[in-house]
Amino acid sequence: MNYILFDGEVRNSLLPFTFTRPVADIRIGILTIREKWEKYLNATTSPKTEKYLSKKYPMINSRANILLNASFCPTKELVSIILNLKKNEAVFKEDLLIAYFTDDAEQKVDLSDYRKINFEGDLLRVANTWDIFSDNGIALQQDFEMITEGRQSAPISSTNQLINPENIFLEEGAKVEYSILNATEGPIYLGKNSEIMEGNLIRGAFALCEKAVVKMGAKIYRPTTIGPYGKVCGEINNSVIFGYSSKGHDGYLGNSVLG
């Protein structure tokens with residue numbers, strides 16, 4: 001089966017971030033929306049996005065496609081329905097289209113001819129820019145549980161002060177020394193080869209993605225995500241910083257999205 005994540009009507013609501021990326025490549029929690037879908041489906045996906053972005057983000061069309069609304073974050077229950085989706089079937093959440101089967105992703109589809117399946121479970125949806133930080137804690141908890149299930153954290157240095165250490169997970173190569181990590185209110189996740197330098201105060205939920213760095217003397221609290229290769233310092237509250245973006249100096253950042 002070929003899976004395609006389409007932008008849908010929310011793209012304009014997610015500007016300016018969607019000027020340079022499909023909706024599926026927005027990061028919320030630990031992973032991007034695309035990465036969440038690919039982990040749940042155990043398959044690769046491609047985006048259906050604006051024409052000017054298609055050269056960098058090409059869509060792969062097939063004779064059997066399931067198109068997925070990229071504004072929705074997947075759950076096990078939703079994916080189990082999608083994996084069994086058949087021709088001329090579509091999944092809805094009330095009046096919102098989640099997914100549909102088509103033999104040509106380039107053609108417009110008349111969904112009135114489709115058998116409609118109503119999904120009644122709870123779903124996280126990124127429909128506005130402020131959803132990225134306001135729902136980051138929910139997404140971070142969901143991602144943490146999915147990523148760490150059945151796995152053991154890399155060892156954490158004894159120089160740190162840990163609160164609720166069972167809710168702290170380090171990937172291979174992650175480093176943290178002489179810092180306070182409090183995972184009482186949410187998990188703390190350190191991605192591969194990431195680093196928290198000395199003298200930092202971190203309160204979960206918090207995600208530091210691959211090769212990202214927290215410089216010395218930072219204070220980070222409420223659900224915050226630092227994307228891959230990002231560098232941060234200062235005081236950060238309930239914010240999401242996309243990959244390759246940074247807040248490299250002291251000062252406050254709160255209830256924000258950078259990237």
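The values are calculated or read from the model by the stated rules, or taken from the named source; none is laboratory data. Everything numeric in this text was worked out from a predicted model, so none of it was measured. Don't worry about glycine lacking a Cβ; one is built from the backbone with ideal geometry, like all the others, and counts go over all protein chains shown.
Counting only residues that are buried (at least 24 other Cβ atoms within 10 Å of the Cβ) and among the small types (Gly, Ala, Ser), which one in region 20-54 is farthest from Tyr189 (Cα to Cα)? For region 20-54, the residue satisfying everything is Ala24. When residues in region 203-236 are screened for being part of a loop (DSSP other than H, G, I, E, B), over 15 Å from the mean Cα position of the chain (by Cα) and not hydroxyl-bearing (Ser, Thr, Tyr), 11 of them pass. Within region 7-19, the set of residues being more than 27 Å from Glu145 (Cβ to Cβ) and crowded, with 20+ Cβ neighbours inside 10 Å comprises Asp7, Thr18. If the condition is being in a helix (DSSP H, G or I) and hydrophobic (A, V, I, L, M, F, W, C), then region 9-61 contributes Val10, Leu14, Phe17, Phe19, Val23, Ala24, Ile33, Trp37, Leu41, Leu53.
Residue count for region 74-123 under the criterion of being closer than 19 Å to Arg63 by Cα and polar (S, T, N, Q): the result is 4. Applying the condition of being surrounded by fewer than 21 Cβ atoms within 10 Å (Cβ to Cβ) and touching a Leu at 6+ places or on another chain (Cβ under 6 Å) to region 207-259 and asking which residue is nearest to Ile26 (Cα to Cα) yields Ser245. One residue stands out among those in region 237-259 that are outside any strand (DSSP E or B) and closer than 11 Å to Ile132 by Cβ: the one that is modelled with the lowest pLDDT, which is Gly259.
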